[in-house]
There are 2 protein chains.
Amino acid sequence: MNAQPDKPQAGPEVRIAAHLAEDMAAVNALIRDRMASEHAPRIPEVTAHLIEAGGKRLRPMLTLAAARICGYEGNDHQKLAATVEFIHTATLLHDDVVDESERRRGRPTANLLWDNKSSVLVGDYLFARSFQLMVETGSLRVLDILANASAVIAEGEVLQLTAAQDLGTTEEIYLKVIRGKTAALFSAATEAGAVISGAPEAQIRALYDYGDALGIAFQIADDLLDYGGSAAAIGKNTGDDFRERKLTLPLIKAVAAADAEERAFWQRVIEKGDQREGDLEQALALMTKHGALTAARDDALAWSDKARKSLEILPEHPLRDLLSELAAYVVSRIN
Amino acid sequence: MNAQPDKPQAGPEVRIAAHLAEDMAAVNALIRDRMASEHAPRIPEVTAHLIEAGGKRLRPMLTLAAARICGYEGNDHQKLAATVEFIHTATLLHDDVVDESERRRGRPTANLLWDNKSSVLVGDYLFARSFQLMVETGSLRVLDILANASAVIAEGEVLQLTAAQDLGTTEEIYLKVIRGKTAALFSAATEAGAVISGAPEAQIRALYDYGDALGIAFQIADDLLDYGGSAAAIGKNTGDDFRERKLTLPLIKAVAAADAEERAFWQRVIEKGDQREGDLEQALALMTKHGALTAARDDALAWSDKARKSLEILPEHPLRDLLSELAAYVVSRIN
């Protein structure tokens, strides 16, 4: 007998992509087509750099999957999928200017390769292009969803800016920030997919809830991993948020439980930004002492559960099961 | 008899504002209301700085006037007027980052008072808000107009960036740049006002043409004034475009007529950016020699005429006459 060792199964996002291969090829063609600018060749140059850097295309896949689960048989969901990828890419371009970040997806950011000017203006161009694409679908309700998501995204970004270094940041504000940063576009992606399919209200609501909870779970997990996960393992990528004095969930929970002496520590390192050798280790010790890391993990798991439960009322479909796996997958790194 | 000296008449933009006082008050209230952000007070802080700096509100007035001329009696034109002002303000915010300009409308720019981050993100917020406002009107055709205008604006900005310092810039490219910079939002403002009123196609087309030609005339005049007007009078604000090596119409015309020696001069000062004492005077002398300044003035006057002629098919209305005066007014400074 030639027993073969079990081949490890690919992650759900890979299997979703395989399931949607034909749709995704159409979306990619649409993206290339709409990036083009006859007179401003700088535009595709900048965006191709980002779009072809091999992001997972998670957001367009959410739109396509939502539409297919709801039985959609047209092509407008492809336009909406390209729309959300353009919006996502535009926010990355603007974030790069804003954060003065040097790398994105393992490559130098556009604003280092070209300049801030190109990043701002090409981002604006992508917003405009996404706007044209969604108007082409002719659905006012979809336009309403995406307009509201845009406002939540922009407000969240400004909020993140003003909340940075502010120890008064609450979990409620944190939730608004991560909805803007991640969940608002996830939920708009799934909701728009359902709406364009003419799905019943309950299914539209379920897919909105799924995208919202998935995005929140994803972002909390990401923020927790920045502290090495719930076991607080220090690695080479640990502590970026701490050094940038960002108020993410583990830190907010530790600050809320701090005694007077601990509070003075947080004020020094976060508010004043006076960080010394050993401070990250001290921060992790305080988070562990107050159970802030495990509490953040539990929150992420609860949002992941909520995402999976919201799928239950949807019609049976292989993509429904894959979306459920995806919700488990995004928190698997912190378990 | 108490003969009084004639009181000089106010400019047409002031009389248009007076004629639309009630509408404008509603638009201003809408702008204040929609700028507000419960959790991000930075947003109204930044935008109020710009919006209340006393711009002429020319763009919202164009929308309101177009709607009124077409006999509109609803309120949606006010939402569209606020929309175009938000788009305009957002582009100013993004331009300020891009140009690293230090002053705007006589005040320090937002990016000096706050930072680049706020300018980029608050600009995005205003775009999102304008998007919500236009969706509220429920007119897909208006959304299409504004989506297309947004793309022309963004593409024009990128084009301006890549065309700077490039002596190969043609008048055709210049026209695309200034449509993006000025005329696209003017024509979208007037066209949207006509569409929301349910005006006949010929009137919609006429108001589009008016806004387009008005914007082009306005921008050529502005660019010509940067060289002191057609008489090339050097003043304290003369030559900014020359120093920034921008390819505006007078320069493009002078370069097109240059002999070999003159071409070497343009290459040194514009392409290489090696500018010395007396170079601006030399540039003006060359423009005068080739009639570039008077030719640019003639172009502006021709566009102004086109704007006025396009109004002829519209119904009689005091605002129609004022728009006609406005088209003459924007080129009166260069006559």
If each residue of separation counts as 0.36 nm, what is the full-extension length gain between B:N237 and B:Q282 once their alpha-carbon separation is subtracted? 14.5 nm
Can you compute the FRET efficiency between B:E325 and A:A25 using 1/(1 + (r/R0)^6), with r the Cβ-Cβ distance and R0 = 41 Å? Round to the nearest 0.05. 0.15
Can you send over the carbon and sulfur percentage of the accessible area for chain A, probe radius 1.4 Å, protein chains only? 48
Rounded, prolate or oblate: which one fits the range B:162-220, using the alpha carbon gyration tensor with axes a ≥ b ≥ c (rounded when a/c is under 1.5, else prolate when a/b beats b/c, else oblate)? prolate
P(r) of the protein assembly as shown over all Cα-Cα pairs, 20 Å bins starting at 0, rounded to whole percent, reads 17, 46, 29, 8, 0, 0, 0
Hey, got the Cα dimensions of the range A:12-334 along the principal axes, in Å, largest first? 61, 48, 30
Could you order B:D76, B:D144, B:D212 so the one with the most accessible surface comes first? Probe is 1.4 Å. B:D144, B:D76, B:D212
At least 30 Å² accessible surface lost relative to isolated chain, residues of the range B:122-154 (1.4 Å probe): B:D124, B:Y125, B:A128, B:F131, B:Q132, B:V135, B:L140, B:L143, B:A147, B:A151, B:A154
Separation of alpha-carbon centers, the range B:241-307 and the range A:162-183, rounded to whole Å: 52
Using label points projected 7 Å from each Cα along Cα→Cβ, tell me how many nm separate B:R32 and A:L225, to one decimal. 4.7
Along the charge dipole of the range A:12-334, which of A:H19, A:G71, A:T83 sits closest to the positive end, that is, farthest toward it, with unit charges on the beta carbon of Lys, Arg, Asp and Glu (+1, +1, -1, -1)? A:H19
With the range B:161-335 reduced to its Cα atoms and the Debye formula applied, log10 I(q)/I(0) at q = 0.12, 0.14, 0.15, 0.20 1/Å amounts to -0.58, -0.74, -0.81, -1.22
Theoretical FRET efficiency, 1/(1+(r/R0)^6), r = Cβ-Cβ of B:E73 and B:A164, R0 56 Å, to 0.05: 0.75
Within the range B:248-311, which GluC sites (Glu not before Pro) sit in a loop by DSSP and count at most 15 neighbouring Cβ atoms inside 10 Å? B:E277
With the 1.4 Å probe rolled over protein heavy atoms, chain A has an accessible area per residue in Å² of 42
Note the buried accessible area between B and A here, summed over both chains, with a 1.4 Å probe, in Å² to the nearest 100. 3800
Simple label model, 7 Å out from Cα along Cβ direction - B:D298 to A:L140, nm: 5.0
Cross-chain or 8 or more residues apart, Cα under 22 Å: how many lysine pairs in the range A:12-334 fit that? Count them up, please. 14
Dipole moment magnitude, nearest 20 debye, the protein assembly as shown about Cα centre, only Lys, Arg, Asp, Glu C-beta charged: 20
Can you tell me the relative contact order of chain B? Whole percent, Cα pairs under 8 Å, sequence separation 6 or more. 20
Relative contact order of the range B:180-335 (C-alpha contacts under 8 Å, at least 6 apart) in percent is 31
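The values are calculated or read from the model by the stated rules, or taken from the named source; none is laboratory data. Here the structure is a predicted model, which means the values were calculated and not measured. Glycine also receives a Cβ, built like all others from the backbone with ideal geometry; neighbour counts cover every protein chain displayed. Side chains are part of the model used for accessible areas, which takes the heavy atoms of the whole protein and leaves out ligands, DNA and RNA. Shrake-Rupley method; radii C 1.70, N 1.55, O 1.52, S 1.80 Å.
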